[in-house]
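See below for the structure under consideration.
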Amino acid sequence: MQPCFFTIAFGIIGYKFYLWITTNQSLGIRFIDFEGLIYFSGIGAGFCSRKRIHIDIANSRFKPTIEIGPIKLGSWQTIKNYNYVSVFHQPTTNGTYVFEVNLWYDNNKHFELYEEQDYQDAFIIGYELSETLNIDLLDATVPNDYKWIDKAEWKAKMAQAQTA
C-alpha cells in the first residue's frame, strides 16, 4: 500500500518535470500540486514508519524511536529505578490477541518492548530481560488474575521441557 502513495507523490514530481521539458515553461508548482505532494508523501511515510525501542542495558538506557527508512527520530532515556517486567494478553483490532512484554519503571511508567503471537516466546523474552536486570516478572496474561512468577521454578520447568 505505501509504495502506491510514494509512487503518486513521485508521479506528481515526474509529471511536472515532463511538462517543463516538453513545453519549455516554468515548473509553476501550484498550491494544489504542492498540497498533493505533501499529502501523498505523508501518507506513504506514515505507512512506512516503524516504532522501535533500542536497549543499552550496560548504560541503563532506552531509546524509543519512530523510523522511516534510514531516518530515526528519538532520544536516549536513562532509567535508574526498574520495577518489574510484565507479560500480558493484549487484544488487537481484528479480534485476535498478542502477548506484550513491558518494562515497568519509576512506579507507573513503562516501555512496550515486544509483541509476540506465542505465549512461550513472549515469556522467554520477559524472563531473560528480568534476569538481566535482576527484577521481578509478572504474568498478567489472565485479566484480573496477575501472578508474580517464581523465576527459579519457571527456569526448572523450562529445562525439563527442553530435555523432554
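The values are calculated or read from the model by the stated rules, or taken from the named source; none is laboratory data. Quick caveat, the model's predicted, so the values are computed rather than measured. Cβ atoms come from the backbone with ideal geometry, glycine included; neighbour counts cover every protein chain shown. To get the accessible areas, we keep the full protein, side chains included, count just its heavy atoms, and leave off ligands, DNA and RNA. Shrake-Rupley method; radii C 1.70, N 1.55, O 1.52, S 1.80 Å.
Only a single criterion out of (1) closer than 18 Å to residue 151 by Cβ; (2) assigned to a strand (DSSP E or B) is not satisfied by residue 121, namely (2).
Among the residues of the stretch 77-91, those that are surrounded by 12 or more Cβ atoms within 10 Å (Cβ to Cβ) and of a type outside the set (Val, Ile, Thr) comprise 77, 82, 83, 84, 86, 88, 89, 90. The number of residues in the stretch 64-76 being open to solvent by less than 70 Å² (accessible area, probe 1.4 Å) and assigned to a strand (DSSP E or B) comes to 4.
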